[in-house]
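Notes follow the structure.
The values are calculated or read from the model by the stated rules, or taken from the named source; none is laboratory data. Since this is a predicted model, take the numbers as computed values, not measurements. Here the Cβ is made from the backbone with ideal geometry for all residues, glycine too, and neighbour counts use every protein chain on show. Accessible surface is based on the protein model in full, side chains and every heavy atom, while ligands, DNA and RNA are left aside. Shrake-Rupley method; radii C 1.70, N 1.55, O 1.52, S 1.80 Å.
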Amino acid sequence: MFFLLFLAGLYFYFERQKDRLGFRVVFFNIGQGDATLIQFGNNKKMLVDCGADKKILAKLGRALPFYDRTIDYVLATHPDLDHYGGCIDVLKNYKVKEIIINGRKKEYDPYWRAWDQMIKDEGAIIKIVDSPQEWIIASSTLEFLSPDKSLALDVGADDNNNYSIVFKLKNDRTSFLFAGDMEEPLEKALVQKYCSPTSTSCPALQSDVFKVGHHGSDTSSGEDFLNFVNPQKAIISVGKNKYGHPSLRVLKKLERAGAEILITDEKGDIILPIDK
(Lines give C-alpha, C1' and ligand atoms only; values in the text may rest on other atoms or scores of the structure.)
Protein backbone atom coordinates (compact mmCIF):
# COMPACT_ATOMS: atom_id res chain seq x y z
CA MET A 1 0.00 0.00 0.00
CA PHE A 2 2.76 2.44 0.93
CA PHE A 3 4.56 1.66 -2.32
CA LEU A 4 1.41 2.42 -4.35
CA LEU A 5 0.95 5.71 -2.53
CA PHE A 6 4.60 6.54 -3.18
CA LEU A 7 4.18 5.87 -6.91
CA ALA A 8 1.00 7.96 -7.03
CA GLY A 9 2.79 10.80 -5.29
CA LEU A 10 5.63 10.64 -7.79
CA TYR A 11 3.16 10.69 -10.68
CA PHE A 12 1.34 13.80 -9.47
CA TYR A 13 4.63 15.52 -8.65
CA PHE A 14 5.94 15.04 -12.17
CA GLU A 15 2.60 16.09 -13.69
CA ARG A 16 2.78 19.35 -11.74
CA GLN A 17 6.35 19.82 -12.88
CA LYS A 18 5.28 19.44 -16.52
CA ASP A 19 2.52 22.01 -16.03
CA ARG A 20 5.02 24.46 -14.59
CA LEU A 21 7.35 24.02 -17.56
CA GLY A 22 4.66 24.92 -20.09
CA PHE A 23 6.03 25.62 -23.54
CA ARG A 24 9.72 24.97 -24.11
CA VAL A 25 12.09 23.90 -26.87
CA VAL A 26 15.16 21.76 -26.15
CA PHE A 27 17.91 21.66 -28.79
CA PHE A 28 19.80 18.51 -27.85
CA ASN A 29 23.57 18.24 -27.97
CA ILE A 30 23.38 15.08 -30.04
CA GLY A 31 26.73 15.13 -31.86
CA GLN A 32 26.84 15.73 -35.60
CA GLY A 33 23.15 15.84 -36.35
CA ASP A 34 19.86 17.43 -35.34
CA ALA A 35 17.37 16.58 -32.59
CA THR A 36 14.98 19.03 -30.97
CA LEU A 37 12.17 18.40 -28.49
CA ILE A 38 9.23 20.81 -28.53
CA GLN A 39 6.99 20.64 -25.46
CA PHE A 40 3.73 22.47 -26.01
CA GLY A 41 1.60 24.12 -23.36
CA ASN A 42 -0.90 21.25 -23.33
CA ASN A 43 1.91 18.74 -22.63
CA LYS A 44 1.93 17.45 -26.19
CA LYS A 45 5.41 16.74 -27.50
CA MET A 46 7.06 16.91 -30.91
CA LEU A 47 10.51 15.51 -31.65
CA VAL A 48 12.04 17.24 -34.67
CA ASP A 49 14.73 14.90 -36.01
CA CYS A 50 16.47 12.31 -33.85
CA GLY A 51 20.19 12.53 -34.53
CA ALA A 52 22.08 9.66 -36.13
CA ASP A 53 21.75 6.91 -33.53
CA LYS A 54 20.38 5.78 -30.16
CA LYS A 55 21.99 8.69 -28.25
CA ILE A 56 18.58 10.31 -28.53
CA LEU A 57 17.17 7.82 -26.00
CA ALA A 58 19.42 9.09 -23.20
CA LYS A 59 18.47 12.67 -24.06
CA LEU A 60 14.75 11.91 -23.96
CA GLY A 61 15.23 9.94 -20.75
CA ARG A 62 16.59 13.05 -19.04
CA ALA A 63 14.13 15.51 -20.60
CA LEU A 64 10.94 13.56 -19.88
CA PRO A 65 9.53 11.90 -16.74
CA PHE A 66 10.58 8.25 -16.46
CA TYR A 67 7.00 7.03 -16.86
CA ASP A 68 6.24 9.10 -19.98
CA ARG A 69 6.68 6.76 -22.95
CA THR A 70 4.52 8.64 -25.46
CA ILE A 71 5.60 11.18 -28.08
CA ASP A 72 2.76 12.82 -29.97
CA TYR A 73 4.71 13.77 -33.08
CA VAL A 74 8.01 12.64 -34.57
CA LEU A 75 9.04 14.86 -37.49
CA ALA A 76 11.94 13.81 -39.73
CA THR A 77 12.90 16.83 -41.80
CA HIS A 78 14.49 14.74 -44.59
CA PRO A 79 16.05 11.30 -45.15
CA ASP A 80 19.65 11.97 -44.13
CA LEU A 81 20.94 9.60 -41.44
CA ASP A 82 22.06 12.36 -39.04
CA HIS A 83 18.45 13.51 -38.91
CA TYR A 84 16.34 10.33 -38.99
CA GLY A 85 18.77 7.59 -37.83
CA GLY A 86 17.88 7.78 -34.14
CA CYS A 87 14.16 7.86 -34.95
CA ILE A 88 14.26 4.09 -35.43
CA ASP A 89 15.24 3.67 -31.76
CA VAL A 90 12.61 6.22 -30.71
CA LEU A 91 9.90 4.17 -32.42
CA LYS A 92 11.19 1.01 -30.72
CA ASN A 93 11.08 2.58 -27.24
CA TYR A 94 8.20 5.09 -27.33
CA LYS A 95 4.61 5.06 -28.48
CA VAL A 96 4.53 7.59 -31.32
CA LYS A 97 1.11 8.88 -32.36
CA GLU A 98 1.99 10.76 -35.57
CA ILE A 99 4.99 10.60 -37.89
CA ILE A 100 5.67 13.56 -40.17
CA ILE A 101 7.91 13.15 -43.22
CA ASN A 102 8.52 14.88 -46.54
CA GLY A 103 7.77 11.76 -48.57
CA ARG A 104 11.14 11.51 -50.31
CA LYS A 105 12.71 8.08 -50.62
CA LYS A 106 16.20 6.58 -50.41
CA GLU A 107 15.45 3.05 -51.50
CA TYR A 108 19.11 2.30 -52.32
CA ASP A 109 19.98 2.83 -48.63
CA PRO A 110 19.33 -0.23 -46.38
CA TYR A 111 19.13 1.93 -43.26
CA TRP A 112 16.47 4.13 -44.85
CA ARG A 113 14.56 0.99 -45.87
CA ALA A 114 14.62 -0.13 -42.22
CA TRP A 115 13.29 3.29 -41.17
CA ASP A 116 10.56 3.13 -43.84
CA GLN A 117 9.49 -0.31 -42.59
CA MET A 118 9.47 0.92 -38.97
CA ILE A 119 7.16 3.77 -39.98
CA LYS A 120 4.74 1.31 -41.55
CA ASP A 121 4.89 -1.04 -38.55
CA GLU A 122 4.46 1.61 -35.85
CA GLY A 123 0.73 2.02 -36.37
CA ALA A 124 1.04 5.80 -36.12
CA ILE A 125 -0.74 8.31 -38.32
CA ILE A 126 1.66 9.16 -41.16
CA LYS A 127 1.53 12.71 -42.50
CA ILE A 128 3.47 13.79 -45.57
CA VAL A 129 4.30 17.49 -45.76
CA ASP A 130 4.70 18.40 -49.43
CA SER A 131 2.84 21.71 -49.56
CA PRO A 132 2.37 24.81 -47.37
CA GLN A 133 0.02 24.23 -44.46
CA GLU A 134 -0.76 25.54 -41.00
CA TRP A 135 -1.28 23.52 -37.83
CA ILE A 136 -2.43 24.63 -34.39
CA ILE A 137 -1.08 22.73 -31.38
CA ALA A 138 -2.13 24.13 -28.00
CA SER A 139 -1.46 27.88 -28.21
CA SER A 140 1.26 27.48 -30.87
CA THR A 141 1.03 27.72 -34.65
CA LEU A 142 3.20 25.73 -37.04
CA GLU A 143 3.50 27.17 -40.54
CA PHE A 144 5.07 24.68 -42.97
CA LEU A 145 6.95 26.54 -45.71
CA SER A 146 8.75 23.69 -47.47
CA PRO A 147 8.58 21.35 -49.34
CA ASP A 148 6.40 23.29 -51.76
CA LYS A 149 6.03 22.45 -55.45
CA SER A 150 5.32 26.10 -56.27
CA LEU A 151 8.78 27.29 -55.12
CA ALA A 152 11.26 28.39 -57.78
CA LEU A 153 13.79 25.85 -56.56
CA ASP A 154 16.76 25.27 -58.86
CA VAL A 155 18.28 22.01 -57.59
CA GLY A 156 18.71 18.45 -58.86
CA ALA A 157 16.13 15.75 -58.29
CA ASP A 158 18.51 13.91 -55.94
CA ASP A 159 19.01 16.96 -53.68
CA ASN A 160 17.75 16.02 -50.23
CA ASN A 161 18.84 19.06 -48.23
CA ASN A 162 16.73 21.56 -50.14
CA TYR A 163 13.60 19.46 -49.80
CA SER A 164 13.87 19.55 -46.01
CA ILE A 165 10.73 20.27 -44.06
CA VAL A 166 11.09 23.91 -43.06
CA PHE A 167 8.58 25.39 -40.64
CA LYS A 168 7.97 28.39 -38.45
CA LEU A 169 6.73 27.81 -34.90
CA LYS A 170 5.19 30.75 -33.08
CA ASN A 171 3.07 31.61 -30.09
CA ASP A 172 2.34 34.75 -28.11
CA ARG A 173 5.80 34.64 -26.50
CA THR A 174 8.29 33.83 -29.23
CA SER A 175 8.91 32.41 -32.72
CA PHE A 176 11.30 29.79 -34.12
CA LEU A 177 12.35 28.94 -37.66
CA PHE A 178 13.41 25.30 -38.13
CA ALA A 179 15.50 24.87 -41.27
CA GLY A 180 16.51 21.20 -41.44
CA ASP A 181 19.43 21.05 -43.87
CA MET A 182 18.22 23.98 -45.97
CA GLU A 183 20.88 25.59 -48.16
CA GLU A 184 20.98 28.81 -50.16
CA PRO A 185 18.86 27.57 -53.14
CA LEU A 186 15.88 26.92 -50.84
CA GLU A 187 16.54 30.11 -48.88
CA LYS A 188 16.40 32.13 -52.11
CA ALA A 189 13.21 30.39 -53.21
CA LEU A 190 11.51 31.17 -49.88
CA VAL A 191 12.64 34.79 -50.03
CA GLN A 192 11.30 35.06 -53.58
CA LYS A 193 7.90 33.67 -52.54
CA TYR A 194 7.38 35.34 -49.17
CA CYS A 195 9.40 38.57 -49.12
CA SER A 196 9.02 41.83 -51.01
CA PRO A 197 12.16 43.13 -52.76
CA THR A 198 11.13 46.66 -51.79
CA SER A 199 10.87 45.92 -48.05
CA THR A 200 13.48 45.23 -45.39
CA SER A 201 11.06 43.08 -43.37
CA CYS A 202 9.47 39.73 -44.14
CA PRO A 203 6.89 38.67 -41.52
CA ALA A 204 6.61 35.14 -42.95
CA LEU A 205 10.29 34.42 -42.24
CA GLN A 206 11.15 36.77 -39.35
CA SER A 207 11.79 34.70 -36.22
CA ASP A 208 13.27 35.29 -32.79
CA VAL A 209 15.18 32.00 -32.90
CA PHE A 210 16.70 30.44 -36.02
CA LYS A 211 17.76 26.79 -36.05
CA VAL A 212 20.51 27.35 -38.61
CA GLY A 213 20.29 25.24 -41.75
CA HIS A 214 22.70 22.37 -42.46
CA HIS A 215 24.68 22.67 -39.22
CA GLY A 216 26.13 26.05 -40.25
CA SER A 217 27.50 24.71 -43.52
CA ASP A 218 29.19 27.10 -45.93
CA THR A 219 26.33 26.37 -48.34
CA SER A 220 23.69 27.83 -45.98
CA SER A 221 22.61 31.12 -44.40
CA GLY A 222 22.84 33.67 -47.19
CA GLU A 223 23.10 37.33 -46.21
CA ASP A 224 19.72 38.40 -47.63
CA PHE A 225 17.94 35.46 -46.03
CA LEU A 226 19.44 36.18 -42.60
CA ASN A 227 18.46 39.83 -42.87
CA PHE A 228 14.84 38.82 -43.49
CA VAL A 229 14.81 36.26 -40.67
CA ASN A 230 16.50 38.80 -38.38
CA PRO A 231 16.96 36.35 -35.48
CA GLN A 232 17.90 37.30 -31.94
CA LYS A 233 19.37 33.83 -31.38
CA ALA A 234 20.90 31.39 -33.86
CA ILE A 235 21.16 27.72 -32.84
CA ILE A 236 23.74 25.54 -34.57
CA SER A 237 23.39 21.81 -33.94
CA VAL A 238 26.78 20.26 -34.58
CA GLY A 239 29.36 17.79 -33.29
CA LYS A 240 32.83 16.67 -34.25
CA ASN A 241 32.84 16.38 -38.05
CA LYS A 242 35.01 16.34 -41.16
CA TYR A 243 32.94 18.86 -43.09
CA GLY A 244 34.09 22.07 -41.46
CA HIS A 245 30.73 22.76 -39.79
CA PRO A 246 30.07 25.38 -38.69
CA SER A 247 31.66 27.54 -41.36
CA LEU A 248 33.57 30.58 -40.14
CA ARG A 249 31.97 32.53 -42.98
CA VAL A 250 28.49 31.62 -41.72
CA LEU A 251 29.41 32.54 -38.14
CA LYS A 252 30.54 35.97 -39.36
CA LYS A 253 27.29 36.45 -41.28
CA LEU A 254 25.27 35.55 -38.19
CA GLU A 255 27.30 38.04 -36.15
CA ARG A 256 26.65 40.77 -38.73
CA ALA A 257 22.94 39.93 -38.57
CA GLY A 258 23.08 40.68 -34.82
CA ALA A 259 22.25 37.14 -33.65
CA GLU A 260 23.53 35.56 -30.47
CA ILE A 261 25.13 32.31 -31.64
CA LEU A 262 24.54 29.19 -29.54
CA ILE A 263 26.32 26.00 -30.63
CA THR A 264 25.32 22.66 -29.12
CA ASP A 265 28.79 21.12 -28.87
CA GLU A 266 29.91 24.20 -26.91
CA LYS A 267 26.79 24.92 -24.83
CA GLY A 268 25.36 21.42 -24.43
CA ASP A 269 21.58 21.11 -24.54
CA ILE A 270 20.03 24.51 -25.22
CA ILE A 271 16.63 25.16 -23.62
CA LEU A 272 14.45 28.06 -24.79
CA PRO A 273 12.69 30.23 -23.88
CA ILE A 274 14.71 31.07 -20.79
CA ASP A 275 12.28 32.14 -18.07
CA LYS A 276 13.44 35.13 -16.05
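Things worth noting here:
- A full extension of the chain between ASN241 and THR141 corresponds to an added length of 32.6 nm, given 0.36 nm per residue minus the alpha carbon distance.
- 5 Å-binned pair-distance histogram of region 66-198 (Cα, whole percent): 2, 10, 18, 21, 19, 16, 8, 4, 2, 0, 0
- Cα-Cα pairs of the chain separated by more than 32 Å (percent): 21 percent
- Given +1 at the Cβ of Lys and Arg, -1 at the Cβ of Asp and Glu and no other charges, the dipole of the chain around its Cα centre is 840 debye to the nearest 20.
- Candidates ILE165, ALA138, ALA124 compared by Cα position along the dipole of region 115-172: farthest toward the positive end lies ALA138, with charges placed on Cβ.
- Hydrodynamic radius of region 124-276 per Kirkwood, over alpha carbon pairs, in Å: 16.0 Å
- Dividing the convex hull volume of the alpha carbon atoms of region 189-256 by its residue count gives 81 Å³ per residue.
- Solvent exposure of the chain, expressed per residue, is 47 Å² of accessible area, with all protein chains present and a 1.4 angstrom probe.
- Distance-filtered residues of region 65-92 - backbone nitrogen under 14 Å, label point 7 angstrom along ASN42 Cα→Cβ: 72-73
- Applying a DSSP loop filter and a limit of 15 other Cβ atoms within 10 Å to the chymotrypsin sites (Phe, Trp or Tyr not before Pro) in region 30-93 leaves PHE66, TYR67.
- Which of GLY22, VAL191, SER207, positive extreme of dipole for the chain (C-beta unit charges): GLY22
- Share, in percent, of DSSP beta bridges within the chain that are antiparallel, nearest 5: 55 percent
- Cβ charges +1 (Lys, Arg) and -1 (Asp, Glu), total dipole of region 117-242, debye: 380 debye
- Counting 0.36 nm for each residue step from ILE126 to ARG173 and taking away their Cα separation leaves a gain of 14.0 nm.
- Distance between the 7 Å Cα→Cβ label points at SER196 and ASP154: 2.6 nm.
- Carbon/sulfur fraction of accessible area - the chain, other protein chains in place, 1.4 Å, %: 53 percent
- Percentage relative contact order, region 34-102, counting C-alpha pairs under 8 Å, at least six apart: 36 percent
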